[in-house]
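*Asks:* Below you will find the structure I want to go over with you.
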Amino acid sequence: MDPDAPPLSPAPSETRFSEPLSSLNSQATDYQHQSLDPLEEFDRPRCALKRLSHLHVLVGDGFKKGRYVILRKLGHGSFGTVWLARDKKSKTFVALKILSSAATKKIHEGESEEMMVVDRMIERQGQQDSQWLRRFGRFLELFDHRTQDDVRHACIVMEPLAWDLYVLEQVTPARGFSLRTCKSIVRQILVGLDGLHQEMNTVYADLKPNNILIRPEQMESIIRAELLDNPTLTKRNRPHYLPKGLIRYWSQPIPPWLDVSKHIVGDIGLEVALVDLGHARQAGEVFPEKTQHLCYRAPEVYLGYPCTGALDIWALACTTTMCSRTCDQTFWFVTGGTLFEDRLGFIEPETQLANIVEVLGTNIPIEMKNRSQHWDRYIDEEGGYLHGNSGDFIYEGQKGTLKGAIVHFMPDLPSAEVNGWTAFLSRCLQIQPENRPTAAELLQDPWISED
């Protein structure tokens with residue numbers, strides 16, 4: 001027996017079953033090692049399944065002539081799934097992203113630049129040891145997998161990483177990050193964005209907590225312990241209309257520590273890496289209107305204005321600042337979610353633009369009109385809204401302002417930090433992209449450079 005081989009997955013009859021993590025309580029000791037999302041890719045109405053083109057994957061399946069053997073499911077999304085696999089050639093663990101056939105078709109038809117961007121990053125990773133490249137998950141290989149019916153699925157092999165920041169916050173909501181840790185995370189992201197923008201002229205375009213993963217120091221040991229202690233989880237109920245032979249697996253992301261229950265998420269050092277380049281595009285183009293999640297979406301996307309790296313700077317201000325209150329309750333301050341998204345998770349573009357204007361206290365610059373393809377949908381010749389929209393966010397009696405939101409949600413934050421944070425965010429949240437600082441310039445910002 002290969003001494004380097006990973007622990008075997010349990011037989012189907014031994015596979016444990018569990019319920020969604022929605023019942024998880026706030027302590028890390030109660031972490032059940034499974035997905036935070038109770039809905040996996042095949043948990044859809046029968047009519048929606050007809051449009052689903054994800055590959056049916058089974059634990060034990062081999063890819064690329066058996067080189068990569070599937071061990072467990074790590075996650076899923078609209079465009080594919082991610083699996084932990086064993087590389088039999090290098091005798092290492094890898095993460096295997098398997099794109100849906102629909103997403104693969106878009107890549108080969110030129111509608112998505114993901115594979116091109118990843119290929120360029122692989123080339124650079126082999127030629128240089130750059131700090132900015134380390135701020136992204138390390139990509140190892142690209143290949144196409146063809147099914148027996150000759151359906152093509154693009155595959156990306158990369159290093160395995162641990163929980164994303166959203167999972168970490170959900171699993172340990174009573175243990176906040178210190179301001180020092182928050183600033184460290186933002187600095188790491190800025191280093192990665194600076195290299196992507198300057199050396200590759202590429203916009204990341206999907207910065208959010210779910211795409212910021214933790215890179216542990218003992219990943220090999222953590223994975224081995226996980227496979228031994230927490231076998232693959234499958235779903236108990238099986239709708240009759242699902243394809244025969246399909247096994248629905250829970251997503252089970254890898255934790256960043258061997259014993260989560262003993263870790264206090266406070267003033268600790270976390271190394272993070274950005275993943276998922278599915279929305280990355282060359283700078284200077286008008287991006288699709290659905291680019292970025294709603295609460296991180298920059299004004300230029302709504303307006304049809306040419307997008308640059310400044311789009312990522314806007315999203316940075318809306319995504320990755322986590323702080324702890326003096327009352328020891330974690331608060332995740334996702335600026336976009338708090339300032340620019342309504343409670344239903346959906347908002348009309350014109351209303352969203354109005355909310356942005358209200359919170360930032362400035363109008364959309366008329367200078368953007370000539371280069372904005374969608375200006376006439378929402379804004380008149382004078383810069384007013386065509387349908388008389390106005391923002392509607394109020395924080396404890398203070399009609400939406402950036403500083404008012406920070407003070408409302410973090411009343412115990414020292415005034416010096418409030419002022420520094422407000423100034424930092426104000427620089428990032430300039431409506432006109434050309435007025436936002438670059439990632440390199442933000443790395444010199446007094447607030448982010450001081451611990």
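All of the numbers you see were taken from the coordinates with simple rules; none came from a lab. On a predicted model such as this, the values are computed, not experimentally measured, just so you know. Note that each Cβ is placed from the backbone with ideal geometry, even for glycine, and that neighbours are counted across all protein chains shown.
*Asks:* Order by neighbour count: H108, H374, H197, fewest other Cβ atoms within 10 Å first, most last.
*Replies:* Ranking H108, H374, H197 by Cβ neighbours within 10 Å, fewest first, gives H108, H374, H197.
*Asks:* Once you place label points 7 Å from the Cα toward the Cβ at K244 and D149, how far apart are they in nm?
*Replies:* 1.4
*Asks:* Pull out the extension gain between E417 and K105, defined as 0.36 nm times the separation in residues minus the alpha carbon to alpha carbon distance; nm, one decimal.
*Replies:* Length gained, E417 through K105: 107.5 nm.
*Asks:* Further question on the same structure: Need one number: nm distance between label points at S449 and E199, each 7 Å from Cα along Cα→Cβ, rounded to one decimal.
*Replies:* 2.2
*Asks:* For the range 179-261, rounded, prolate or oblate, judged on the Cα gyration tensor with a ≥ b ≥ c (square roots of eigenvalues), a/c < 1.5 rounded, else prolate if a/b > b/c?
*Replies:* oblate
*Asks:* Further, regarding this structure: Quick one: how many lysine pairs in the range 86-235 have C-alpha atoms under 20 angstrom apart, if they're 8 or more apart or on different chains?
*Replies:* Lysine pairs satisfying the spacing and distance rule in the range 86-235 number 6.
*Asks:* Search the structure for amide H atoms under 5 Å from the amide H of G75, placed 1.01 Å from N in the peptide plane, and list their residues when 5 or more places away or on another chain.
*Replies:* Distant-sequence amide H within range of G75: V82, Q252.
*Asks:* Using a Förster distance of 25 angstrom, determine the FRET efficiency expected from the C-beta separation of K369 and E289, and round it to 0.05.
*Replies:* With a Förster radius of 25 Å, E is 0.90.
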